[in-house]
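A.B. asks: Starting off with a structure, shown below.
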Amino acid sequence: MRRPPRNRSLRNRLIRAEPRAQRRPWAFWLLATFVVADPCLLLGFAGARLSDPQTLPIREVFIEGEFRQLKPPDLEALVAHQVRGGFFTVQVAEVQRGLGRDPWVKAASVSREWPDRLHVTVYEQRAVARFGERGLLNPEGVLFSPPAASYPAGLPLLDGPEGTEAQVLMRYHRLAELLDRAGLLAQDLAQDARGSWRFVLKDGPTVLVGREDFEPRVKRFVAHYRRIAQSGPGVVARVDLRHTNGIAVSFRPEAVPATHRPAPTSSLRGVADEKA
């Protein structure tokens, strides 16, 4: 008996298939190279186009904020000077840093808006007091130093050792609350290097408080202010609260300048020699 020819034909088919399999690898590698290289070429081309400043250039800058000292045209010019590149390449951090170089700029945020716009929000510093000759204080007691010509008028003058800006501002706010009970206003508050405090009333005398018991002494001054103002001739020039058992008051004659004669003094409740 003869065996069925199926195995032979299968073997023949396998033998004929071997040469074809050996000729195909070059096609596989060609296809693989195309699949890998083509996206890389596309990405490279797209990257080159997007990094080109002429691709979607920034055409508009929108600036918003509440401005008292800053001027929008000046801010626009400052931003325009900082803008480099197109929509995808402009360095928003550089624009923010450029705005921050203006001492009246407290903070700024910059964002892109499709397709060719920058949105800039500027937060302006708000001055609440002058601090010696060093600059201005904002509501948080942070010192900033714009040109003196740009200082707002009517700010109180505060002063103190370096690093005490926030403390002096807080003390001034508390002083204002205490004086307001008598309808008074301090235009000047200072702490010297020894920690001693003094303030000056608006259109009024200089008041020496000393290093200790600031609030109790100011309360005592407020309680007796009307009596102090009427306790001697002329205008009150200086009030000294540093005494333990009383208040010392110096007067300036109204009609004669203080430099022409010694300022008379008076005391309330018997001034003691002890000073704090």
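A.B. asks: Give me the residue from segment 104-143 that is of a type in the set (D, E, K, R) and touching a Pro at 6+ places or on another chain (Cβ under 9 Å) and, out of that set, nearest to E60 (Cα to Cα).
C.D. replies: Checking each candidate, the answer is D116.
A.B. asks: Let me ask something else about it. Across segment 146-164, what is the number of residues that are more than 17 Å from the chain's Cα centre (by Cα), in a loop (DSSP other than H, G, I, E, B) and over 19 Å from R211 (Cα atoms)?
C.D. replies: 5
A.B. asks: Can you tell me which residue within segment 213-249, out of those that are surrounded by fewer than 20 Cβ atoms within 10 Å (Cβ to Cβ) and in a strand (DSSP E or B), is modelled with the lowest pLDDT?
C.D. replies: Ranking the qualifying residues of segment 213-249, first place goes to V235.
A.B. asks: Looking at the structure I just gave you, is V90 modelled with pLDDT under 90, assigned to a strand (DSSP E or B) and either among the basic types (K, R) or more than 30 Å from L189 (Cα to Cα) (or both)?
C.D. replies: No.
A.B. asks: I'd like the full set of residues that are of a type in the set (A, V, I, L, M), farther than 15 Å from D159 by Cβ and assigned to a loop (DSSP other than H, G, I, E, B), limited to segment 185-212.
C.D. replies: L185
A.B. asks: I've got another one for you. May I ask you to verify whether D213 is on the phi > 0 side of the Ramachandran plot and not polar (S, T, N, Q)?
C.D. replies: So D213 passes the test.
A.B. asks: For the condition surrounded by fewer than 19 Cβ atoms within 10 Å (Cβ to Cβ), assigned to a strand (DSSP E or B) and of a type in the set (K, R), what is the one hit in R112, R126?
C.D. replies: R112
A.B. asks: Identify, by number, the condition in (1) buried (at least 16 other Cβ atoms within 10 Å of the Cβ); (2) touching a Lys or Arg at 6+ places or on another chain (Cβ under 8 Å); (3) within 30 Å of K71 (Cα to Cα) that S145 doesn't meet.
C.D. replies: (1)
A.B. asks: Residues A166, A176, A153: which one is over 15 Å from R217 (Cα atoms) and without any contact (Cβ under 8 Å) to a residue 12 or more places away in the chain?
C.D. replies: A153
A.B. asks: Next question. Would you point out the residue of segment 205-244, among those that are of a type in the set (S, T, Y) and out of contact with any Lys or Arg (no Cβ under 6 Å at 6 or more places or on another chain), that is nearest to L189 (Cα to Cα)?
C.D. replies: Taking the candidates together, the pick is Y225.
A.B. asks: Here is a follow-up. Which of the residues that make up segment 149-175 are touching a Gly at 6+ places or on another chain (Cβ under 9 Å) and hydrophobic (A, V, I, L, M, F, W, C)?
C.D. replies: Matches in segment 149-175: L157, L158, A166, V168, L169, M170.
A.B. asks: Same structure again: Exactly one of these conditions fails for D203: (1) without any contact (Cβ under 8 Å) to a residue 12 or more places away in the chain; (2) surrounded by 12 or more Cβ atoms within 10 Å (Cβ to Cβ); (3) at positive phi. Give me its number.
C.D. replies: (2)
A.B. asks: For G210, are the conditions met, namely being surrounded by fewer than 19 Cβ atoms within 10 Å (Cβ to Cβ) and either closer than 30 Å to P253 by Cβ or touching a His at 6+ places or on another chain (Cβ under 9 Å) (or both)?
C.D. replies: Answer is yes for this residue.
The values are calculated or read from the model by the stated rules, or taken from the named source; none is laboratory data. In this text, all values refer to a predicted model and were calculated from it rather than measured experimentally. Note: ideal-geometry Cβ built from the backbone for every residue, glycine included; neighbour counts use all protein chains shown.
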